[in-house]
1. Give me the distance between the Cα centres of region 177-207 and region 438-496, rounded to whole Å.
2. Return a whole-number percent for the relative contact order of region 60-196, with Cα pairs under 8 Å and 6 or more residues apart as the contact set.
3. For region 398-478, how big is the tail of P(r) above 17 Å, as a whole percent of Cα pairs?
4. Which of 53, 358, 146, 93 comes first, and how do the rest follow, when ranked by fewest Cβ neighbours within 10 Å?
5. Please compute the modelled spin-label separation between residue 13 and residue 456, points set 7 Å along Cα→Cβ, answer in nm with one decimal.
6. Take peptides 440-450, 359-369, 212-222 and line them up by average Cβ neighbours within 10 Å, highest first, as a rough protection proxy.
7. Taking the alpha-carbon set of region 437-476, what are its Rg and Dmax in Å?
8. So how do 339, 249 line up by other beta-carbon neighbours within 10 Å, fewest first?
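No value in this document is a laboratory result; all are computed from the given coordinates. Here the structure is a predicted model, which means the values were calculated and not measured. Cβ atoms come from the backbone with ideal geometry, glycine included; neighbour counts cover every protein chain shown.
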């Protein structure tokens, strides 16, 4: 295995491959930084154009766009509180407060380094642990996926925000939104009100932009007469003290990257769940958890290293088993098949240069973030802070509208985006956390479908949910989160 890995290194370093890595990473940063655009859209549009390319060059573009967009999504999340990608939701929690505190440059630098480290660790995991970790994924059935979804929902609901009841209600609202559409098991329509549009459910991009992008824009419009950004205090230093960042965050990077790798090998979990779990774990381990949400750099480091560590590890079940770990991994499988390559175990024996070359490309594009993300993107996109609010508000709204419209070319999507924007603005005003809503949209259907599959397999034996060893381990983690949070509440009540 390792002989094939090192034999593929010259293939990944050929001129065409290197050019594709640079181009893909820059395009990825740009795509991630523009609200409404996402790597799935960019890669889907790019794939037909690579039909005549060498597979290594095509996959180099995919690797660059993928890793670049993960960091790119942090730029508007930090500067504008608008996550450029779903995985950047957790980055807004502390990244934006750092900008408001005059530490936007430090936040971007921390995000850049964290994304690079997470991507590097994830690529190493892909290179060395793919066969072993893929076997663990094979052991997961509907019961395990149900508990993974429940764990993600409960942990974010109780750990985000100061009011657990509001967090749980937000998660419940997200689950209800996620259930709109046609039931994939029975085929029955739910909450569609005989609407053809609603029968397909709500698009995640539209929900995300509406809930997370429009409320801060409305707040900007409200404060248009005030000095909203302190541009003079914002300085971008692309060099900085790298050793200082390493000393401060290496524990967080290691822990969050391991979480991201673990989440990445679970098909469908996604970088957003990895980022949120990493953020929650960093907050739980912190000696000063109250500082999270007010501009703590550790929160940015945890979220960005966690979501980037999901990238390459999501390719483990994709390349070895042909099971895509996420939407981008599914497009990678499509890219392989476009070039006549069949994903699965035989790919490692029939086309080792391609598959192992792609692993090197995932590693190199993560490293390129330190150069392109630190020196180019940071200096370019930080200038958005110097835009007057009167220009920034309509520009942001236009970008959001264009991004949403290009997904399907449907005007109804714009109206739905505005509706979710007003909902998000109202929830924010009422101090309801928005992250559980989005995670509910993602994980609610996953929990429901796998619960029903588990019941079908066990013939409605509810005890089967608690008998499998992996399920018991996930349940133990869930109880630990609940008991820890309950203990903190009791301790705080006694002190008061």
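1. 25
2. Working: 96 pairs, mean separation 14.8, N = 137.
Relative contact order, region 60-196: 11 percent.
3. Working: 2196 of 3240 pairs.
Value for region 398-478: 68 percent of Cα pairs lie more than 17 Å apart.
4. Numbers: 53 17, 358 30, 146 23, 93 26.
By the 10 Å Cβ count, ascending: 53, 146, 93, 358.
5. 5.1
6. Values: 440-450: 22.1, 359-369: 25.7, 212-222: 20.0.
The peptides rank, most packed first, as 359-369, 440-450, 212-222.
7. Considering region 437-476 through its Cα atoms, Rg and Dmax are 11.6, 32 Å.
8. Details: 339 18, 249 22.
With the sparsest Cβ surroundings first, the list reads 339, 249.
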